[in-house]
Ligand code: ADP
C-alpha cells in the first residue's frame, strides 16, 4: 500500500512539474497547473468509476488492471473477496454435512425460529408430519394441533418428552422432545414410538389380565383355608402352623393382586374424566380412623391438622383416598409402637399440601429417587415383617401425576420421614 502511495505521489509531482514547465514556456503557469490538476482529478474519478463498476458486477472476475495506489486497492479488495469466498464455501460445506447427516436420521428433526415457525426440517420430519416446502415460516401449531402438544409447546417446560398420536396416521404414536437453543429458537426431535407403545400396552394388558385371572382361584383357596381354620378340626401343631402361614400368604397375595389391579387401572384409564371437587377434611378423617384401627395394639399417636375444613381438590375421591391412605398406612407399618404420626393439610402460594410425618426408623436419602419404583424396598428384611406389597408408593406417584401433583420425600435415619403431596391445582376453599 505504501509503495503504491509513493508511486502515486511521484506520478502527481511529475505531472505538476511538466505542467509548470509548459506553463513557464507559454507564460501561463497557473493555468497550466490548474489544467494538470483537473486532468489528475478526472483520472481519479475514472478509477473510482472502474472500482465501482467492478464491485457492482463482482462475480469471479479478476479486478481491472491498474497501477499505483489504485492497483494496490484493487488487489487488496480482490484478496479480501477471495478469502471471504473461501470461508463461505467451507461454512457451506459444514452446513451441507450437518443437513446430510440429519437427513439420514430416522428421527424427524425440525428447527423453529423464535416465533415458533418452521425454519428447517429433515426428510423424516416431512414423512412423519407431512410438511411441504411451502410450509416454511408457518407456525408448527398449525400442523400439530393436539391440545396436549399445544400445551406442552406453550408451557415451555421441556424436561420430559411428550407422546401423542400422530396427526397424520392415527395408528402411529409419536414422541416429541423440544430443546431450546440460540435466541429462543427451538429444535424438535420427533420419534416414531408406535412399536414401543404397543409393547407397553401389551405389558399393561398382560398385568391387568393376569391379576384378574388370579383373583378367582385365590378367593377359592382363601375361602377353603378360612373354612378349615374355622371348622375347629383337630390338627397337629405343625399343620396348625402351616395353615396359619397359608392364610397369611394368601392374604398377602390378595393384597398384591389388588394393588396390581389398582396400578394398571391408573395406567390404562384416561385421567380427568371423573374428576369432581373432593372435600379433603372428611376424606382425611376417615383415613385417620382406618389408620387408628390398623395401628391397634401399637398404640401410636395419630393426629390430623387441617388448615381449613372446606379445602377441596378437583379429582377422583377413590384415587385420592388410595394415595393418602397408602402414605398413612406406611407410616403406621414402619413406625414402632408408641410412635407419633402427624397428618397435616394446608395451602400456600396457590398450592395444596398434604404431609404425613412419622418418627419411625427413617432411611438414607440415597433411596429417595427409587422409592416410587415398583417393588423397591429400602430393606428386604424390614418389609417382610410389615406385609407390604412394594407397590404402595408407585400407586401414590401415579395418582398424584393424574392430579397435577408430585410427591416430595425427606427422611433421616433414626429420626423419621416426611412424605408430602404437593398439588399445583388452584385450591378451592369455599
Ligand atoms: P411397601 O408395600 O413395601 O410398603 P411402598 O411402595 O409403600 O411398599 O414403600 C416402599 C418402601 O419405602 C418400603 O418398603 C419401605 O422400605 C419404605 N418406606 C415407605 N414409607 C416409609 C416410612 N414411613 N418409613 C420408613 N420407610 C418407609
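As a calculated quantity, the FRET efficiency between residue 180 and residue 145 at R0 = 22 Å, using C-beta atoms, amounts to about 0.50. Seen against the Cα atoms of the chain and their longest principal axis, helix 194-230 is set at about 10 degrees. Nearest 10 degrees is fine. How inclined is helix 280-295 to the longest principal axis of the chain, computing both from alpha carbons? Between helix and principal axis, roughly 50 degrees.
Projecting the alpha carbon convex hull of region 276-429 along each direction and taking the average yields 8.3 nm². Take the Cα radius of gyration of the chain and divide it by 2.2 N^0.38 Å, N being the number of residues; the result is 1.84. Measuring between their Cα centroids, region 157-185 and region 111-150 lie 11 Å from each other. The fewest-to-most ranking of 421, 19, 306 by surrounding Cβ atoms within 10 Å reads 306, 19, 421. Per-residue extension of 0.36 nm, minus the Cα-Cα distance of residue 275 and residue 251, leaves a gain of 5.5 nm for this segment.
Comparing 220, 356, 207 in a Gaussian network model of the chain where C-alpha atoms under 10 Å apart are linked, the largest mean-square fluctuation is found at 220. In the frame of its principal axes, region 106-192 has Cα extents of 35, 29, 22 Å, reported largest first.
Okay, which of region 159-198 sit inside 20 Å, backbone N to the point 7 Å along the Cα-Cβ direction of residue 205? Under 20 Å, as judged by backbone N against the label point of residue 205, lie 164-166, 170-174, 193-198 of region 159-198.
Shape class for region 162-317, computed from the alpha carbon gyration tensor (a ≥ b ≥ c): oblate, with a/c not under 1.5 and a/b at or below b/c.
Relative intensity of region 288-359 on a log10 scale, I(q)/I(0) at q = 0.26 Å⁻¹, equals -1.22, per a Debye sum over C-alpha point scatterers of equal strength in the absence of solvent. Here r is the Cβ-Cβ distance between residue 138 and residue 318 and R0 is 35 Å; the resulting FRET efficiency, rounded to 0.05, is 0.20. Taking every alpha-carbon pair within region 1-52, the share separated by more than 19 Å comes to 37 percent. Across every pair of non-identical alpha carbons in region 201-275, the mean reciprocal distance, once inverted, gives a Kirkwood radius of 14.4 Å. Compared with the direct C-alpha span, the chain from residue 127 to residue 87 gains 11.0 nm at full extension, assuming 0.36 nm per residue. The GNM of the chain, with springs linking C-alpha atoms under 10 angstrom apart, assigns the highest mean-square fluctuation among 99, 84, 347 to 84. Each residue in 273, 334 was given a count of other beta-carbon atoms within 10 angstrom of its own, and listing them fewest first yields 273, 334.
Comparing 208, 171, 233 in a Gaussian network model of the chain, where Cα atoms under 10 Å apart are tied by springs, the biggest mean-square fluctuation is seen for 233.
Read the figures in this text as sums done on the coordinates, not as results from a lab. No experiment lies behind these values; they were computed from the predicted model shown. We place every Cβ from the backbone using ideal geometry, glycine too, and count neighbours over all the protein chains shown.
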